[in-house]
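The values are calculated or read from the model by the stated rules, or taken from the named source; none is laboratory data. None of these values were measured; they are calculated from a predicted model. Here the Cβ positions follow ideal geometry from the backbone for every residue, glycine too, while neighbour counts run over all protein chains shown. Accessible surface is based on the protein model in full, side chains and every heavy atom, while ligands, DNA and RNA are left aside. Shrake-Rupley method; radii C 1.70, N 1.55, O 1.52, S 1.80 Å.
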Amino acid sequence: MILFLACPLDSHLAACQLIRDEAQEIRSEAYTAIDKADVIREQAYRAKDEAFEMKEDALGARLALEQTLVDSLVLMRSSLTTVTTKLDQLNSALERSAEDIEDRIDEKTQEISDKLSKLDSLLVRKRESGELIPADRVEQSSTHPSTAYYGPENAVDGNVGTQTHTLSDGQPQWFKYFFSQEEQVGQIKIINGKISGPNIHRLNGLKVAVMASGTHKQTCQPERLVVREGESIPSQTYFISCNGNRGIGVEFLLPSGTYLEFREIEVYAS
């Protein structure tokens, strides 16, 4: 509010002028106060704006921090999942490795056992020269279907009253005498299945060989048996020399394909 003060032209003029001056000074101070109030108000507005800006910055920082925490948690969860997967894979690999190790141990154990068995077979007592080598098993190419038994066992039963007898089908006939271990063969004693009559010559051409393996054979002497005359067991007993050849058994082969017959076979060590 602006005050206008009129002073009278009397004796009170000086006092009135003084009051007027004071009023003017008050008015001036009022204007100054108003200006200061405007400044303060402006400063308040600026402070308010700065406060809002600080609040928005704080809110943005909070949101950014929260997002960072969320991203970190997601990353940690992903990392934990990856670690869990890796651990599962590692456990599976360890289980497979354990199984592989067990299998390898079993294989090595079997291998060692086989080697020990072979070593035991090599450490078997060597037979004395002239000692009988018993048959572990015997086989023949065929067996004659007679009422009498003519199986291969008859050649190693120690009874000259029995004999073996194969078929005569045009195919080579054979008899195999197997050992229980590898042996060194010296002499072989054979008693012809026929000791009288025209059939004593059926053994003509018999070939005897030591079987070094399933396919490799070492020929004994004579290379082919020649049946001699004489109708008795001593006359029809033959001796074959195998010269110390080593093998798993002896094969008797009759290439002619006729009947192959033995009363007894005895194999002796070299």
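Tabulated data
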{"read-out": "Considering residues of region 124-142 that are of a type outside the set (A, V, I, L, M, F, W, C) and modelled with pLDDT under 90 only, the residue least open to solvent (accessible area, probe 1.4 Å)", "value": "127"}
{"read-out": "Sole exception among (1) open to solvent by less than 60 Å² (accessible area, probe 1.4 Å); (2) of a type in the set (Lys, Arg); (3) within 32 Å of the chain's Cα centre (by Cα) for residue 108, by number", "value": "(1)"}
{"read-out": "Pairs with Cβ under 9 Å, 6+ apart, first in region 215-233 and hydroxyl-bearing (Ser, Thr, Tyr), second at pLDDT 95 or above and in a strand (DSSP E or B)", "value": "219/207; 219/208; 219/209; 219/210; 219/242; 219/245"}
{"read-out": "Criterion: surrounded by fewer than 18 Cβ atoms within 10 Å (Cβ to Cβ), under 17 Å from residue 175 (Cα atoms) and of a type in the set (Lys, Arg) - qualifying residue of 224, 246, 228", "value": "224"}
{"read-out": "Failed item, numbered, when residue 104 is tested on (1) assigned to a helix (DSSP H, G or I); (2) touching a residue at least 12 places away in the same chain (Cβ under 8 Å)", "value": "(2)"}
{"read-out": "Unmet requirement for residue 192, which otherwise passes all of (1) farther than 20 Å from residue 257 by Cβ; (2) open to solvent by less than 60 Å² (accessible area, probe 1.4 Å)", "value": "(1)"}
